[in-house]
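A quick write-up on the structure given underneath.
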């Protein structure tokens, strides 16, 4: 179209600037040709009888041909339409200019993309989701009352070692966590009932409720502590305790906690080993630990390790790492140990031994002098240098 307009404009200028002695019109075959000029000129005598070029008075026909050759842009219809098509192709946005300017005569149907449904969860995914939703309200966030978050130079909040997790043990407000999570407060030898931590509990409406965590009891040798919060019974969601004695290596497990301050984070893994020695941050070694590759990071301490059915099988306590973050080797105190220690802490405020245990729990054991045991051992050709007392399956020094 631009080429045609250019030709028409040039013709108009020539008409206005020259005096013609006669009139003749150029047809479409003269304006559009197949690549070789079919317009008559002295050098093309074959066309001399088919067309007579009008010329200005005194002009040579050849001059007019050269003028037309230099002034007009000749092309074929095929080339014209091809040029129009190609000129629009690289600039698709120009086609929609009228719509962009709000031209009501232009309407383009809206295309709604189709989305494929996500489909149902796999059975294993269903169990994981169900376990998390059932237990997330039983997991709490615990802050040592003697420590406060500090802002570093970048403005980020530094997560101190006194930030950890815990579990709602019963509807009486008892909260179980690790001893080392509140170690700074316990170092001040607080008495029972004294506030040693701040406990954040997730309500059913998704809002965190803050409570004062009062000390009930703590045992450094097992890295366990019990706190108590004052709240209504119907607000609490006690966790369900499972049996750690029946665990198998390779079975699935889940960890819920607050790593690096990210509340209610779920990680999934498997049981990687049983009866591991846990080197606790309290400086003692705890036997019978559960090893897992579920990611356990700073802030997970005191949180639950669950089986695939959502039952508590351990309290996450430590990780083996050289970087300070999860390396796929985490450890949890088995639920069998947790039940024994927590029961004593709730009833006595401490872990008791000897006659006090027998009087309180009616445990069936006897205490013999070490000399007596050594003498009887010698009679049976046994060398005995130390002995252990066992109460309810718990070994005590």
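Computed from the coordinates by the stated procedures, all read-outs in this text should not be read as laboratory data. If you're wondering where the values come from, they're calculated on a predicted model, not measured in any experiment. In this analysis, Cβ positions are derived from the backbone assuming ideal geometry, glycine residues included, and neighbour counts consider all displayed protein chains.
Below are the figures for this structure:
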quantity	calculated
Two-site FRET efficiency, residue 123 against residue 343, from Cβ-Cβ distance with R₀ of 41 Å, rounded to 0.05	0.70
Residue 350-residue 309 pseudo-label distance in nm [points 7 Å out on the Cα-to-Cβ vector]	3.8
Pair residue 279, residue 188: separation of 7 Å Cα→Cβ label points (nm)	3.1
Full-extension gain in nm, residue 235 to residue 212, via 0.36 nm per residue minus C-alpha separation	6.8 nm
Distribution of pairwise C-alpha distances over the range 125-341, 5 Å bins, in %	1, 8, 17, 21, 22, 17, 10, 4, 1, 0
Rough spin-label spacing in nm, given labels placed 7 Å along Cα→Cβ, for residue 204 and residue 170	2.3
Efficiency of FRET from Cβ geometry, residue 133 and residue 329, R₀ 35 Å, rounded to 0.05	0.80
